[in-house]
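Visitor: Sharing a structure here in structure tokens format.
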Amino acid sequence: MSVDDYLDLYNYAKQLGDAQWQADLLTSLKNFKSMTEAEIREQRVREMWTRFDNINANLLELFDKLRTGGDDNQARAWRERVWELKLERISLAKRASG
């Protein structure tokens, strides 16, 4: 996550009144500032792999739904989502390698 992401979450935690989450996010922000460039790259790669794994899990779930059936509208929506996830996975792979 970027600093902006942490700040957005901090503001959201503030809106919810969750003081503990705010404190945790502040700690994360302080740690984020002290990370080296290599650590930041490593964290980004881990985040990309996590997203890649989540995409694969979603794809498996959608393939299972397609295999077990559903009405035509559901199947069409599932196939469209499969296509979107495959494109996102390709994009992630390109970013990870480049």
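Visitor: Counting each DSSP H run of 4 or more residues in the chain as -39500 (n - 2.57), what helix-only mean residue ellipticity at 222 nm follows after dividing by all residues, to the nearest 500 deg cm²/dmol?
Guide: On the way: 4 runs with 88 residues, N = 98.
Computed mean residue ellipticity for the chain: -31500 deg cm²/dmol.
Visitor: Which values of log₁₀ I(q)/I(0), to two decimal places, follow from the Debye formula for the chain at q = 0.10, 0.16, 0.17, 0.18 Å⁻¹ with a uniform point scatterer at every Cα?
Guide: Rounded to two decimals, the profile gives -0.46, -0.85, -0.88, -0.91.
Visitor: Going by alpha carbons, how many degrees (0 to 90, nearest 10) lie between the helix axis of 37-68 and the longest principal axis of the chain?
Guide: Between the helix axis and the principal axis of the chain, the angle is about 30 degrees.
Visitor: Hey, any idea what the orientation-averaged projected area of the convex hull of region 44-98's Cα atoms comes to, in nm²? Intermediate results must be reported in sequence, preceding the final value.
Guide: Working: hull surface 14.1 nm².
Taking a quarter of the hull surface, the average projection is 3.5 nm².
Visitor: Same structure again: If I compute solvent accessible area with a 1.4 Å probe over the protein chains, what percent of it on region 44-83 is carbon and sulfur?
Guide: 53 percent
The values are calculated or read from the model by the stated rules, or taken from the named source; none is laboratory data. Quick caveat, the model's predicted, so the values are computed rather than measured. Areas reflect the complete protein model, heavy atoms only, side chains present, ligands, DNA and RNA absent. Shrake-Rupley method; radii C 1.70, N 1.55, O 1.52, S 1.80 Å.
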